[in-house]
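Computed from the coordinates by the stated procedures, all read-outs in this text should not be read as laboratory data. None of these values were measured; they are calculated from a predicted model. Neighbour counts run over all protein chains shown; Cβ positions are idealised from the backbone, glycine included.
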């Protein structure tokens, strides 16, 4: 399915979630008969949702709340909670920054060093609540802090960067050897972003339990304008799901979980991610809209405060309900921001599927969003 | 005509009405020689128009008015007219709700139980006027109320849901067996929505007289954002029309009517629906713009007040003329909202066709709306 | 190059001028060496431009002015100039109408009967100035008025409707037999719109000297929304140009001129029309922007005041210069609205062509307008 | 990869930078290990950036500054610096012109004759600073001024026009014979714009050291609206890079540099230009945003003040930082306008490449910008 963009250079057409839609099929099913459970390694979850390790989304408190609601909150160990003993005032300052000063001030705020003891303390707080504990480091910081993290007691270890490859080359530092690292670690590892079949296959071969699919494609990211890099999510998830199938055969049965990470703003996007083959989704903006979220209506990622090349923005996402309402409803709005799992359940029921794994096979069509005639009528409102 | 959205997952390109256009052919015809009549079962209509069972469109009074104008008004038996003895004040309240409270208040208003005696009363009122009587229930409510409805005396029984399948699976309730139900009922049944060849074929095999084509794609729907499901109408109607042809052969001659339902905002859309193979169209927003419409310039569907997962909005559609002007003209506006049937007649004449059935064969082109150079000039106005 | 829009219905992809662009080739040429002359029948023109028979564009005075500038003004014989002895006040009233009353009042104004003596008088006025005389009737009025027109002395007779076919069928009236009519007429006839290969071939066989290509696709038209009919101009012109080539062979050498009519808002569009195979262009909005134009900054076509189904709008186009500046420059604006022929000349030179006929072979690419990165930067202005 | 736009006329699909994106691959690399050096003829540069010969971008002072930052400033010898002894007041006047008078006044300002002695003086000023000296003439003026230029002492001679062909035909003047001219000149020549394989091949055969790829596609250009000509940059660069490869073989080893020129507004665009095969980029708007730029927040090209057919606009681009920050960072904004080379370096590192030449092979996908779901969320901000 390649096209020629000019003489001698070919390119695939890649699809975003907005380019596709699920279509109903022959059968329908009662939404109450649908299961949305997901399990990775020894851990089971009622809902296939991970909260993204971003300061506007996951604090120790929301990690606990999300765990109790059946999902998994992943704490960012390079964010405000491990740089500041009392980050609340810093969070408040970030929310109140005028647009023109936001990037520069966030660069200063995040220049504060990470403290190992705060890592220990935050993880302990989550663990004490009895929920599954997950925390994230970037590949650059993994060697420095992983033993602190493991000692503090995480159930799932997340290594997350814009792009993480199994083969990082550096003439300056000794790079993290992912394969050795994962082999020696007792804790299961989820690693990414990866956006292609090949990159994901190599990550799967390191022994990772799960792969994050994405490349800075979230609501708060400007990767496309700054780096010229873009991995439309529908194609990326489909490709990595195929890598999972091929690796399953190659490895003689190791099932590596595919977790869509980025650009999942509405329940419709979550439905499409799973329809493309994801086992679970990692949500940022969608959960930053919760009344309990530390961002309090604002959302930003680590790339927003990169010291030399910020590649994201602090965006206003608003507040639409409690974490419980956002995940499990009921909804009093109809824009796909509330009752995300209710919508997933209903979408599965309407198309006749009863569990996540089956639903990965649902039929989709290519139907770009802008071609919808209803837009014309709405705009007249 | 499939494309690969990634490794191992293929998808068809699906088309909305805005993606296509009818093209003139060799011959032209006098508009006065064109027939727009349509008949289903024993019932004949001057115009191939059904008014959608939505509270903003069909009251007993507008059902009668539309019948007298040559079409068919379908009363929603799960709306305000069967929940409230005097729904006028509730209609007025809905129109006046501020945006931020609209969904929540509508959820409360529609929590009022349906009364069997009001079903009987409303149907009797329409019947007394001497027009063809049609009324709609959802599949969920059909078993509870159908005998009331039949006793009240409907000519056409409509079973309408977002998606209705011939094979609904539930571990909780005994599901409606459509095939047995229709077989035992004396009244012809129109059923839908269905959006694919396969789903429609199965509905045709239940014995339905007509199939509604659509999946919540109307002006007031947010199905795509909430459920990730979308069935672009041009492709859906073409597919179901092909199911009609194949079933006609399979059944040895049973012609099941294909009724496009949703996303038909202008006369141009109606033209395209028939060009794609529809025998008739079910209109919502287009008729909600009538001065007599109960919505009084506002429009909403049942999915706008779903208790847990609302999937639609109350939208402002304005008022553009009387039902008579909207259907049969004359028009004093040029935006495709008035004189719908005059426009259909002229479009058929301009392309040389003389009846609806023939016009289903007219040539169309793929020509997305946004590619139109006139937009540039208009925006300068 | 057909696609399947659903099971059993195929459609061609059709292209608008905005979907394509001319590309430079190996050679360049001095703009002063380029010829833009055009001739049809015995008549020669410096520039391949006809002014559209619309009241906002052509009055007897502007027909004369355009003739003197090297083009051909076509007077609408069913407009204000043949309905009113002194149309100036009516023109002024139309310009000043508030939007909401415009269509209705224009319907009334154009209800005034056409006067044969005014036809005679207007044509005489143009003839007296010594320029080539052209005037237009619709097919519906041709039989009633053609002898008046011919007696008044036109050089070129234009029969122009939204769609004109060689085979009009009517049970009500005796339809105009175009072939007999043209055969018996001494004056060469230009006829259209036609938008397809087949329709144009049939018009060519009637003996027409030229065919207008289009279907109400101009700046002031809402044909697509009202009728669902749309003929994207690039594809239409390419198709009709192919009909010209095939008919040239079939007829043993009769060259029928292809005149693009509609949607030609900028000099870039004119360039593309000729690149697609047009011999000349008929301009509406582009000339309505002249300070001498009767519309005085407003533009509308006959379909804007149709008594029952108006299919156009009175649009504000503004004023950008004199007719001379618009056609031959110099320009003091850079948006393609001024120095139309200078731009055509430069475009031909830049791509190495020296006359209109040759330039019909220039290479084009498909490159939709919205995909242009410069839009991003401009919008920041 | 051609499509049929109608019967008998085929066209290639051409791609803009916004239509494509780079995708990450298997390997990643440390950004500090990446080299962005570029050399042409005997001249070496730390960064593959030429500043476009436009009055809003390059003055003698900014040419020097850009040279010191590792790039190459190209002075326009037909701009204000060679028409006016003290152009500062004229620059200030242009910046302050109201929109409606801008084109006309710029036409007057640029009617001032070019002075040979100012050419000599400006070049001497740059040379005195010790940076590589480059200056540009149009093909029309090259014969008149080249000896002045060569005597003044340029290192690289740039011949730049909207389209420059190796085969210019004129019945009026003797055209510049590029091949002879370049053969006899001691100084290496960079020439363009060219936008196709064929045009570029012919330019390469003249002996040019580099070819500028583009056709007036920059931020300040309206070529598409005025001339109907458009060469989407991704396809143009890919095509010309293929011409470079074929000519390398044909010539037995002469490597002609491909320099993307136009439409490079962000660091993402620069990344894509190189991914398509460019050796270097010529920047206009991107550098006009510098605090030192002579345009002081405004940007325009030579085509904006063409005497008869202006084909560009003076656009407001704003100011985002110093030349140093724009080229080498650090950035305190995340929109791709600052730290252009830092972004290029990171993009190369993220996809595993270590130099410009290798990076030309990076994988790209077709993924139109508007299909991005994040837009929906952003617009809610």
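Would you mind giving the mean number of other chain beta-carbons within 10 Å of the Cβ of each residue in A:165-177, as a whole number? It would help to have the intermediate numbers written out before the result.
Details: counts 9, 3, 5, 6, 8, 7, 5, 4, 2, 0, 3, 0, 0.
Taking all residues of A:165-177 together, the mean is 4.
Among B:309, B:283, B:340, which one moves the most in a GNM of chain B with springs linking Cα atoms closer than 10 Å?
Sorting by GNM fluctuation, first place goes to B:309.
Indicate the gyration tensor shape class of the protein assembly as shown (rounded, prolate or oblate), computed on the Cα atoms with a ≥ b ≥ c the square roots of the eigenvalues: a/c under 1.5 is rounded; otherwise a/b larger than b/c is prolate and the rest oblate.
Values: a/c = 1.97, a/b = 1.00, b/c = 1.97.
It comes out oblate by the Cα gyration axes.
Over the whole of A:103-111, what's the average partner chain Cβ count within 10 Å per residue? Rounded to a whole number, please.
2
Within region B:184-216, what residues put their amide N at less than 11 Å from the label point 7 Å along the Cα-to-Cβ vector of residue B:150?
Counting only backbone N, you get B:184-188.
Return the average number of partner chain Cβ atoms within 10 angstrom of each residue Cβ along peptide A:120-133. Don't skip to the end; give the middle numbers.
Values: counts 0, 0, 0, 0, 0, 0, 0, 0, 0, 0, 0, 0, 0, 0.
Rounded to a whole number, the mean comes out at 0.
Can you sort B:54, A:204, C:282, D:1 so the residue with the fewest Cβ neighbours within 10 Å comes first? If you can, show how the numbers build up before the last one.
Details: B:54 30, A:204 27, C:282 33, D:1 14.
So the ranking, lowest neighbour count to highest, is D:1, A:204, B:54, C:282.
With r defined as the distance between the Cβ atoms of residue D:291 and residue B:99 and R0 fixed at 56 Å, what FRET efficiency is calculated, to the nearest 0.05?
Working: r = 44 Å, r/R0 = 0.79.
My answer for the efficiency is 0.80.
Taking the Cα centroid of region D:298-332 and of region D:64-103, what is the distance between the two, rounded to the nearest whole Å?
With region D:298-332 and region D:64-103 each reduced to a Cα centre, they are spaced 10 Å.
For a quick protection proxy, order the peptides D:272-278, A:58-64 by their average other-Cβ count within 10 Å, most packed first.
Working: D:272-278: 29.4, A:58-64: 22.9.
Packing proxy ranking, top to bottom: D:272-278, A:58-64.
I'd like the antiparallel share, as a percent to the nearest 5, of DSSP beta bridges with both residues in chain C. Please list the in-between numbers first.
Details: 13 of 42 bridges.
Approximately 30 percent, going by the DSSP bridge assignments.
Based on the Cβ-Cβ distance from residue D:115 to residue D:92, what FRET efficiency comes out when R0 is 25 Å, to the nearest 0.05? Write out the running numbers ahead of the final one.
Numbers: r = 21 Å, r/R0 = 0.82.
In this case the efficiency is close to 0.75.
Rounded to the nearest 500, what is the 222 nm mean residue ellipticity of chain C from helices alone, with -39500 (n - 2.57) per DSSP H run of 4+ residues and division by all residues? If you can, show how the numbers build up before the last one.
Values: 16 runs with 139 residues, N = 381.
So the calculated ellipticity at 222 nm is -10000 deg cm²/dmol.
Between copies, how close do the residue A:322 label points come, placed 7 Å along Cα→Cβ, listed in nm from shortest?
For residue A:322, the other copies' label points sit at 5.4, 5.4, 7.6 nm, shortest first.
Sorted from shortest, what are the nm distances separating the label point of residue A:252 from equivalent points in the other copies, each placed 7 Å from Cα along Cα to C-beta?
Label-point separations across copies, in nm and ascending: 6.0, 6.0, 8.5.
If neighbour count is taken as other Cβ atoms inside 10 Å, put B:267, C:35, A:334 in order from fewest to most. Could you put the intermediate results ahead of the total?
On the way: B:267 31, C:35 14, A:334 26.
Taking fewest neighbouring Cβ atoms as first place, the list is C:35, A:334, B:267.
Just check chain A against the gyration tensor rule for me: Cα atoms, a ≥ b ≥ c as the square roots of the eigenvalues, rounded for a/c under 1.5, and otherwise prolate or oblate depending on whether a/b exceeds b/c.
Numbers: a/c = 1.30, a/b = 1.19, b/c = 1.09.
Verdict is rounded for chain A.
Between residue D:68 and residue D:172, what length comes free when the chain is fully extended (0.36 nm per residue of separation minus the Cα-Cα distance, one decimal in nm)? Walk me through the numbers on the way to the answer.
Numbers: separation 104, 0.36 × 104 = 37.44 nm, distance 4.36 nm.
So the chain would gain 33.1 nm between residue D:68 and residue D:172.
Quick check: the distance between the Cα centres of region B:198-261 and region D:188-256, to the nearest angstrom?
The distance from the Cα centre of region B:198-261 to that of region D:188-256 comes to 52 Å.
Please give the FRET efficiency for residue D:44 paired with residue D:205, using the beta carbon to beta carbon distance and R0 = 25 Å, rounded to the nearest 0.05. Intermediate results must be reported in sequence, preceding the final value.
Numbers: r = 26 Å, r/R0 = 1.04.
Rounded to the nearest 0.05, the efficiency is 0.45.
Among DSSP bridges having both ends in the protein assembly as shown, what percentage is antiparallel? Round to the nearest 5.
On the way: 52 of 192 bridges.
Approximately 25 percent, going by the DSSP bridge assignments.
Between residue B:319 and residue B:249, 0.36 nm times their residue separation minus their Cα-Cα distance comes to what?
Values: separation 70, 0.36 × 70 = 25.20 nm, distance 4.44 nm.
In short, 20.8 nm is gained.
By the gyration tensor of its Cα atoms, with a ≥ b ≥ c the square roots of the eigenvalues, what is the shape of region D:272-349: rounded for a/c under 1.5, prolate for a/b over b/c, or oblate?
oblate
Report the Rg/Rh value for region D:1-132, based on alpha-carbon coordinates and the Kirkwood definition of Rh. Mind showing how you got there, number by number?
Numbers: Rg = 21.5 Å, Rh = 18.9 Å.
Reported Rg/Rh, Kirkwood definition of Rh: 1.14.
At 7 angstrom along the Cα-to-beta-carbon line, where would the label on residue C:115 sit relative to the other copies? Give the distances in nm, shortest first.
Output for residue C:115: 6.8, 6.8, 9.6 nm, nearest copy listed first.
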